[in-house]
Amino acid sequence: MSSNNNTSITSAILQLQSAFRYPSLILGFILLIGGVLGNILNIIVFIKVGNYKKNACSLYMFIHTFLDLNVLLAGLTTRILSAGFQIDFTLMNRIWCQTRLRFIDINSESTFTLICLQAIDAFICSSPSVVVRQKSNIRIARYLIVSTLCFWSIHEIPYFIFQDLVIVGGTPMCITTNAIYAQYRSYFAALCIITIIPIIVISIFGFLTVRHMKAIGVTRLLSSLTRQTVSMALFQILAVLMFNGPYSAWQIYSVITANVVKDNYRRAVEQLINSFAATYDYGPFASSFYCYCLSKRFRNQLIVSLKEVVGCIHTNQVFPNP
């Protein structure tokens, strides 16, 4: 009887794995292709229009577009190969094991920090007070961006030391060898730095920005560029909440039930959900372009920028002599 139960559980687990594999792969490819294309288009628009040179919020958007692209190429690509095709380079190369997640975390932590700064700057820019609006400064934004990148790069140094490729029971595993640091990564870095804290910050300042924009006469006082960047920042806040909210809930559940005794079926289900959630969590890095496209002015800038790029390509074409 026990043998029959084990067989049925194993069969159910295999069916679940098959059912989860393809949706996760499809989602991964959609986010990867759409995200890489969108971020490239973002870069083209920001460079052609040049708003990032004179507007702090635009500069935050411009810089984290490059960071988003890094996360998608280094993180999501290898995740698709690992989860969908069982090709895991972290189990084949020690240097890649030690650097992959560190590189991804530096970029993702910097991205969420810049999104928080972007939300704060949108709040400042939309203030009814002229004095407060003057606090939005491109020079300060540059310093904050450099400080953010330096801080998170230093923060990730221990990971390079404690992460290693080891053989456990004859199986290669890329794991954190220090138990205390592993707990810090699980309970604070993963749960707070890139999930709960950004959600709290952008939710608060997003709400306050909306209140400012609803105030009578405030919108009329703002320049068209400021109105554009504020609306783009608000759309991106919604995207981060949409993608990070479910993942944060799953992370909290995982931490709460970490010491709960679970049977094989429950562990298998949770592992599959975690795999899908980890892919879904790449959404904020792939969605910024589509959030910005909700702004009519950005769409017009995109069309003009693409026409300029295409026109430049045609102008610079060299034809061979007959």
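The values are calculated or read from the model by the stated rules, or taken from the named source; none is laboratory data. Note that the structure is a prediction, hence the values are computed from the model and not measured. Positions of Cβ are backbone-derived with ideal geometry, glycine not excepted, and every protein chain shown enters the neighbour counts.
A few comments on the model shown:
- All helices (runs of 4 or more DSSP H) inside segment 9-125 with 2 or more residues being more than 21 Å from LEU144 (Cβ to Cβ), modelled with pLDDT under 95 and not small (Gly, Ala, Ser): 77-85, 94-125
- Scanning segment 101-117 for residues that are touching a Ser or Thr at 6+ places or on another chain (Cβ under 8 Å), of a type in the set (D, E, K, R) and surrounded by fewer than 22 Cβ atoms within 10 Å (Cβ to Cβ) turns up nothing.
- Yes/no for ALA182 being small (Gly, Ala, Ser) and under 30 Å from HIS155 (Cα atoms): yes
- When PHE205, PHE243, PHE160, PHE235 are screened for being at pLDDT below 85 and in contact with a helix residue (DSSP H, G or I) (Cβ under 7 Å, 6 or more places away or on another chain), only PHE160 passes.
- Total residues in segment 121-142 satisfying the condition of being small (Gly, Ala, Ser) and surrounded by fewer than 20 Cβ atoms within 10 Å (Cβ to Cβ): the figure is 1.
- Any chance PHE112 is under 22 Å from PRO198 (Cβ atoms) and of a type in the set (Phe, Trp, Tyr): yes
- Annotation note: of ILE199, ILE193, ILE175, the sole residue that is surrounded by fewer than 16 Cβ atoms within 10 Å (Cβ to Cβ) and either outside any helix (DSSP H, G or I) or modelled with pLDDT of 85 or more (or both) is ILE175.
- When segment 126-150 is limited to residues that are in contact with a Ser or Thr (Cβ under 8 Å, 6 or more places away or on another chain) and part of a helix (DSSP H, G or I), the one that is farthest from ASN70 (Cα to Cα) turns out to be ARG133.
- Under the condition of being buried (at least 18 other Cβ atoms within 10 Å of the Cβ), under 15 Å from the mean Cα position of the chain (by Cα) and aromatic (Phe, Trp, Tyr), the residues counted in segment 31-90 number 2.
- Candidate set from segment 152-166 (those that are out of contact with any Ser or Thr (no Cβ under 8 Å at 6 or more places or on another chain) and hydrophobic (A, V, I, L, M, F, W, C)); member that is farthest from ARG94 (Cα to Cα): ILE154
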